[in-house]
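The values are calculated or read from the model by the stated rules, or taken from the named source; none is laboratory data. As the structure is a computational prediction, the values presented were derived from the model and not from experiment. FYI the Cβ positions are ideal-geometry reconstructions off the backbone, even for glycines, and counts take in every protein chain you see. In case anyone asks, the SASA skips ligands and DNA or RNA and just uses the protein heavy atoms, side chains included. Shrake-Rupley method; radii C 1.70, N 1.55, O 1.52, S 1.80 Å.
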Protein chains: 2
Amino acid sequence: MPESSQPTLPAVVERHLARAVELAVANVAEGGGPFGAVVGLPDGRTFEGQNRVTRDNDPTAHAEVVAIRAAAAAAGFDLTGAALYASCEPCPLCVSAALWARIGSVHYAADRQDAAAAGFDDAAFYEYFSTGAADAGASSLLPITRTVVPTQGRPFTAWTEFAGRAEY
Amino acid sequence: MPESSQPTLPAVVERHLARAVELAVANVAEGGGPFGAVVGLPDGRTFEGQNRVTRDNDPTAHAEVVAIRAAAAAAGFDLTGAALYASCEPCPLCVSAALWARIGSVHYAADRQDAAAAGFDDAAFYEYFSTGAADAGASSLLPITRTVVPTQGRPFTAWTEFAGRAEY
């Protein structure tokens, strides 16, 4: 794969976003959430996703995550040079998934205000990270606490000593 | 499920964290990353996860996400009252997954400095959110851009008009 993606033409962005919106609309009638996504690889292949949280009982099955998983299953876990197109502004889960997949750019159509008007409010989750609440473990939304256990260093020792490790 | 979890005893936390560490150590020998996790439900059931990013070609298959998916597949997408135990401090992907799953508390053993010493540096991803880079779309790490398309409101219209929608 190339180190970075080619500049993406506006017409390509609009076409993939329109497709992501189509997927979102279709998903509602099928019992899923109103979100769709497309991952475009540098070689031109595309992979689609629809929100399957309630259909699959998977709280991580956001449209973007589903599309990223599909692309990675086909092309490998490193999607350097790929672009993610989402019918609506991605939440922190989906942005994080794009970061780990080494996706190069994210494009979206509707924004978080549009989503909030329909009852989807990711703003609290963005605030959780932007205020450093996750960092400090101080949030009442989700307290994060460290407890030291004697064996906790062993996984990293095993990792650094294992010659066959596959880095990512 | 209860609205919130019972206070978790220190001995329970230590036992689940020790198990998460065991899973992490075992995963290295099996070709995975040095991370393990356990989800504990209010009813006492536990679900385990190991990092499968490279083994499964899934950049979202962090140990915590794998454990959350397993728990949700068995108990439903709303894991209110559950606790997440991770061998190492969870990254933004895993914290976001816990937020969406409505998990009530997160516990971890090794921290991000331990992970960084072994070559895993999530700090840039935390910084991406804490600096508001994701918000502003201004980061060179992952630019996020809005493009308005004419159909973008249709998914939410379909959603609000669909009487059979399953909210989450």
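See the values below:
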{"item": "Odd one out for A:Ser96, checked against (1) facing chain B (nearest Cβ under 7 Å); (2) open to solvent by 20 Å² or more (accessible area, probe 1.4 Å); (3) closer than 18 Å to B:His62 by Cβ", "result": "(2)"}
{"item": "Some residue of the stretch A:118-138 being surrounded by 21 or more Cβ atoms within 10 Å (Cβ to Cβ), more than 17 Å from the chain's Cα centre (by Cα), under 20 Å from B:Phe120 (Cα atoms) and modelled with pLDDT of 90 or more", "result": "no"}
{"item": "Any hit, the stretch A:15-25, residues being within 15 Å of the chain's Cα centre (by Cα) and surrounded by 24 or more Cβ atoms within 10 Å (Cβ to Cβ)", "result": "yes"}
{"item": "Test: A:Gly104 is on the phi > 0 side of the Ramachandran plot, open to solvent by 10 Å² or more (accessible area, probe 1.4 Å) and not hydroxyl-bearing (Ser, Thr, Tyr)", "result": "no"}
{"item": "Count - residues of the stretch A:27-57 that are within 12 Å of another protein chain (Cβ to nearest Cβ), part of a loop (DSSP other than H, G, I, E, B), closer than 14 Å to A:Arg69 by Cα and open to solvent by less than 30 Å² (accessible area, probe 1.4 Å)", "result": "1"}
{"item": "Matching residues, the stretch A:61-78, being within 7 Å of another protein chain (Cβ to nearest Cβ) and either of a type in the set (Phe, Trp, Tyr) or crowded, with 24+ Cβ neighbours inside 10 Å (or both)", "result": "A:Val65, A:Ile68, A:Arg69, A:Ala72, A:Phe77"}
{"item": "A:Leu84 being open to solvent by less than 10 Å² (accessible area, probe 1.4 Å) and at pLDDT 95 or above", "result": "yes"}
{"item": "Failed condition for A:Asp114, given (1) within 7 Å of chain B (Cβ to nearest Cβ); (2) open to solvent by less than 40 Å² (accessible area, probe 1.4 Å)", "result": "(2)"}
